[in-house]
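Each remark here refers to the structure printed beneath this line.
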Amino acid sequence: MHLLVIYTGEYGQRHLENLRAKAPKEWSVDSWLAPTQFPLVIDDPEDFLPSEVPPCDLILSFAEVKGVAELLPDLARRTGARAVLAPIDNEAWLPRGLARQLRGWLERIGVACATPKPLCSLTEHDYWVTRRQRLTYQSPEIAAFARHFGRPSFTLTIDPQTRLIVAAEVQRDAVCGCAAFVARGLVGVSVDEAQEKAGLLHHHYPCLASMGIDSDFDDTLMHVSGNIFKDEIGEQVKPYRKIQYITPGLRRPD
């Protein structure tokens, strides 16, 4: 599969570096450093597109300016891309209304589009757009990408006697590489502490999703992302945890 990564700053650069380091060797990863200054109304997208652009199957837009979204339909036509992945890790970079428009523009030209919010909610068939809503998609290109990068997935090896994590294998990494970082930090951790430890490691990476309150989640997207990690680890350690129950209203004799 041929990927074209569009980026404008540190957020996209991290994704690009992780993809180049960990993508399947049969994939090719090209990139375009997009402009960051756009007029309020883009009359002709061709004025902002590169003079030459390689053909690709899937466009990944990690731009930190919303003007780039308006270039994506023309870029898809020029590259022959069959799908576009444009995550929302910050509403300032891709507002929800513009994301809806983008999906519509691309659908009209026969190009699949997914706009996961946050990016690490992406699975092989759907993604979050709000706390209570997931959108499905039909795209073999995005699904192939999501098999390797998206909602993090781990396999933990736990010593039943000590209840310590002795190995943590990443089945699916986050696009930014955070899952691999979290996995390394979980080795040697007690199952009773693993869930909270996963959340701390996620923040220490650090996650680059927005720290502003997002109205679709009533939380920050960084915390939403961190909870995805905590939930994944929590399910795996649940059979080994010792949960204490407290009965209220009873006092120990003096």
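What follows is calculated from the coordinates using simple rules that are stated; it is not laboratory data. These numbers come from a predicted model, not from an experiment. Every residue, glycine as well, gets a Cβ built from its backbone with ideal geometry; the counts of neighbours run over all protein chains shown.
So which GluC sites (Glu not before Pro) in the range 6-110 end up in coil per DSSP with only 16 or fewer other C-beta atoms within 10 Å?
Sites meeting the loop and neighbour criteria: E26, E52.
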- Item | Under 5 Å, built H, 5+ apart or other chain: amide partners of E64 | T8, G9
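Count neighbours as other Cβ atoms within 10 Å of each site's Cβ, and list the trypsin sites (Lys or Arg not before Pro) in the range 1-80 that are DSSP loop with at most 16 such neighbours.
Answer by residue number: K25.
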- In the chain, what percentage of the DSSP-assigned beta bridges are antiparallel, given to the nearest 5? 45
- Item | Neighbour net charge for S153 - beta-carbon separation under 13 angstrom, K R +1, D E -1 | -3
- Message: Test of the criteria: in the range 1-102, which chymotrypsin sites (Phe, Trp or Tyr not before Pro) are in a DSSP loop and have at most 14 other Cβ atoms within 10 angstrom of their Cβ?
- Response: none
- Task: Could I have the simple spin-label model distance between R132 and E46, label points 7 Å from Cα toward Cβ, reported in nm to one decimal?
- Result: 4.7
- Mind running the shape call on the range 105-254? Use the C-alpha gyration tensor, a ≥ b ≥ c as the square roots of the eigenvalues: rounded below 1.5 for a/c, prolate if a/b tops b/c, oblate otherwise. prolate
- Which ³J(HN,Hα) values, rounded to whole Hz and listed in residue order, are derived for the range 92-102 from phi using the Karplus coefficients 6.51, -1.76 and 1.60 in 6.51 cos²θ - 1.76 cosθ + 1.60 with θ = phi - 60°, glycine and proline given as x? 5, 7, 8, x, 4, x, 5, 4, 4, 4, 4
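Run the dipole for the range 2-148 about the Cα centre, Lys and Arg Cβ at +1, Asp and Glu Cβ at -1, nothing else charged, and hand back the magnitude in debye, nearest 20. Kindly include the intermediate steps, with their values, before the conclusion.
Values: 17 positive and 19 negative charges, 150 e Å.
The dipole magnitude comes to about 720 debye.
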- Message: Of W105, T136, L33, which is farthest towards the positive pole of the chain's charge dipole, taken about the Cα centre with +1 and -1 on the beta-carbons of Lys, Arg and Asp, Glu respectively?
- Response: T136
- Message: What is the sum of charges, Lys and Arg at +1 and Asp and Glu at -1, for the other residues whose Cβ falls under 12 Å from the Cβ of P140?
- Response: -1
- When the dipole is taken about the Cα centre of the chain, and only Lys, Arg (+1) and Asp, Glu (-1) are charged at their Cβ, what size is it in debye, to the nearest 20? 960
- Message: Taking the number of other C-beta atoms within 10 Å as the exposure measure, put V111, V84, V41 in order starting with the fewest.
- Response: V41, V111, V84
- Nearest-0.05 FRET efficiency for A92 and E235 at R0 = 22 Å, using Cβ-Cβ distance, is 0.10
- Mind listing the long-range amide H neighbours of C113? Cut-off is under 5 Å, sequence gap 5 or more, other chains count too, H placed in the peptide plane at 1.01 Å from N. V84
- Item | Most mobile of P24, P87, P73 in a GNM of the chain (Cα contacts under 10 Å) | P24
- Whole-Hz couplings from phi, Karplus 6.51/-1.76/1.60, listed for the range 185-198; x for Gly and Pro: x, 8, 5, x, 8, 5, 4, 5, 10, 5, 5, 5, 4, 4
- Task: State the answer as a single residue: which of L60, G199, T155 lies farthest towards the positive end of the charge dipole of the chain, with beta carbon charges of +1 for Lys and Arg and -1 for Asp and Glu, about the Cα centre.
- Result: T155
- Each residue of the range 219-234 in turn: what ³J(HN,Hα) in whole Hz from Karplus with 6.51, -1.76, 1.60 and θ = phi - 60°, glycine and Pro shown as x? 6, 7, 5, 5, 5, 4, 4, x, 5, 4, 5, 5, 5, 5, 5, x
